[in-house]
Amino acid sequence: MPRLAVVFLVALLAAACTARGNSPEERPAISTTQPTMTEKEARAEVERIARATAEAIDPEPELDLYRPSLNTRYCDPDHNGPGDPIYVYRAYYLRGIPKERLTDVAHQIRRFWEGQGYVIETSTADGRDLIARSRSTGFRLGLAETGDGVLSIDIGSPCVLPDAGSSPADT
């Protein structure tokens, strides 16, 4: 999973830093102004997306939080102090899905995310690995198969305001 998290973060940051379209619908919904969503609101939305995704899958998996994904991630590595914008990121293993159903479940997730308005940016031929984003909120989602034959989902918020008094250990 650490490799998966690194791949997702690199893709997330690269897309956020380099995506520039010619029309408004091609541009990501990443604001250059001060974020308006709080860390608490972003955490709640990440958890809502994870639960809704799991509930949309048959068979419904157990969400197993990947603990290292709880670490704070700053939007700008040069500005990483209290009060500087962060993004909320969580990764979850989807436990309890039979290996012979992984491709079917991956397709279910893709259909669910597309139905929720997410745009698929990249996908492997078998659909077990993909990255999606929301044009309206800036949230990014990832689906990947681990080396152990388990699917995982990654969810990252746009830049948000850190909660007052929170520290990296609190998130």
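The values are calculated or read from the model by the stated rules, or taken from the named source; none is laboratory data. Computed from a prediction, not measured in an experiment: that's the story for all the values here. Note that each Cβ is placed from the backbone with ideal geometry, even for glycine, and that neighbours are counted across all protein chains shown.
What to note about this one:
- Hey, Ser152 touching a Phe, Trp or Tyr at 6+ places or on another chain (Cβ under 9 Å), assigned to a helix (DSSP H, G or I) and not β-branched (Val, Ile, Thr) or not: no
- Residues that are modelled with pLDDT of 95 or more and under 13 Å from Leu102 (Cβ atoms) were ranked within region 137-148; the one that is surrounded by the fewest Cβ atoms within 10 Å (Cβ to Cβ) is Glu145.
- Of all residues in region 45-89, those being more than 25 Å from Arg110 (Cα to Cα), acidic (Asp, Glu) and either surrounded by 11 or more Cβ atoms within 10 Å (Cβ to Cβ) or touching a strand residue (DSSP E or B) at 6+ places or on another chain (Cβ under 6 Å) (or both) number 1.
- Being surrounded by 18 or more Cβ atoms within 10 Å (Cβ to Cβ) and either over 14 Å from Ala91 (Cα atoms) or at pLDDT below 95 (or both) is a property that holds for Glu39.
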